[in-house]
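Some notes on the structure that comes next.
The values are calculated or read from the model by the stated rules, or taken from the named source; none is laboratory data. In this text the structure is predicted, and so the values were computed from the model without any measurement. Positions of Cβ are generated from backbone atoms using ideal geometry, with glycine treated the same way; all protein chains shown enter the neighbour counts. Each accessible area value is taken on the protein alone, full model and side chains, heavy atoms only, with ligands, DNA and RNA left out. Shrake-Rupley method; radii C 1.70, N 1.55, O 1.52, S 1.80 Å.
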Amino acid sequence: MADLPAERVTPSAPFLKVGVDYCGPFFISYPNRRAKPVKCYVAVFVCLSVKAIHLELVADLTTQAFIAALRRFVSRRGRPQLIMCDNATTFVGANRELRQLYKQLNEREFQDPVIKEAANDGITFKFIPPRTPNFGGLWEAQVKSFKAHLKKSVGLRTLKNDEMLTALAQIEAVLNSRPMTAISSDPSDYEALTPGHFLVQRPLTAVADQNFNDVSINQLKMWDQAQSLVQQFWKKYRTQYLSDLQNRVKWTKLKNNIAIGTMVLLKEENVPPLRWPLGRVVKVFPGTDGNIRVVTVRTQNGCFDRGITKVCPLPIGDNENLPQNSN
């Protein structure tokens, strides 16, 4: 297996080097119009260094639509130095037009200093080889996660344009709130590092809202339907993310025993969006075979006993020298 590319391991500002791909199509409608629902797509920008995600609604697959989405992305996230993508004709055309614009600006006989400076900061496109999606596994995985859960949440419903924009912004916050590792080794610190920390220097949170999980979608108003969609997306995404943290494979190899002080994510039911119940292991209960199967976890709300199947250690930690466990 080859080493990770330099773009993945070199420290950089968020969204300085990104991967991008499309997902869709989705269907949206516009209020006060009798026209049929129209197709739209979502451009998924993924930061190659901190794995933060940015979602942009795109009207169609034309080059002009992608450039418009790219301009919105640059306006809110800053200009990237590198954009990695596949060889789709949309991206190839965008690269060609940006190069023509770059050349045109540089060929002006009398250039304004500001325009010249902006032209010199051209964006580099790097295309992966054709028919090799594994080369873009980082953003392909995020596209798969977003698309699968959104389609399961939306179903056959057609969202209005405003509903789709609201849902995309909140889903983006959900994806950027996932915990990656503990911020510190302090046993009293229950905060985990998330992609949102690199964007706003603090955890992303959601506005408190009514729980619509048990309410029929037909009984909700337009904006409540958008909130119901986000809550369904959160429930499905959280379930999958917890499953990915704790792969249930046949226990045939020795693994590290969970250690006191390890930051874990609790598998709880009915958790509000963007709330990740994190805690620290403060006590372990080994069995007769020496393997730990029950732990006491201290959270901000107190201490709780949990089986190891109900806790998920964060994927990054200093657990190399811990005792061995058969589970």
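Points to keep in mind about this one:
- Spin-label model distance (nm) - residue 3 vs residue 151, 7 Å beyond Cα toward Cβ: 3.8
- Taking only protein heavy atoms and a 1.4 Å probe, the accessible area of the stretch 1-66 is 56% carbon and sulfur.
- Pair residue 34, residue 283: separation of 7 Å Cα→Cβ label points (nm): 7.1
- Amide proton proximity set for residue 48, modelled H, under 5 Å, gap of 5+: 15, 17, 18, 19
- The P(r) of the stretch 19-84 has a tail past 21 Å containing 30 percent of all C-alpha pairs.
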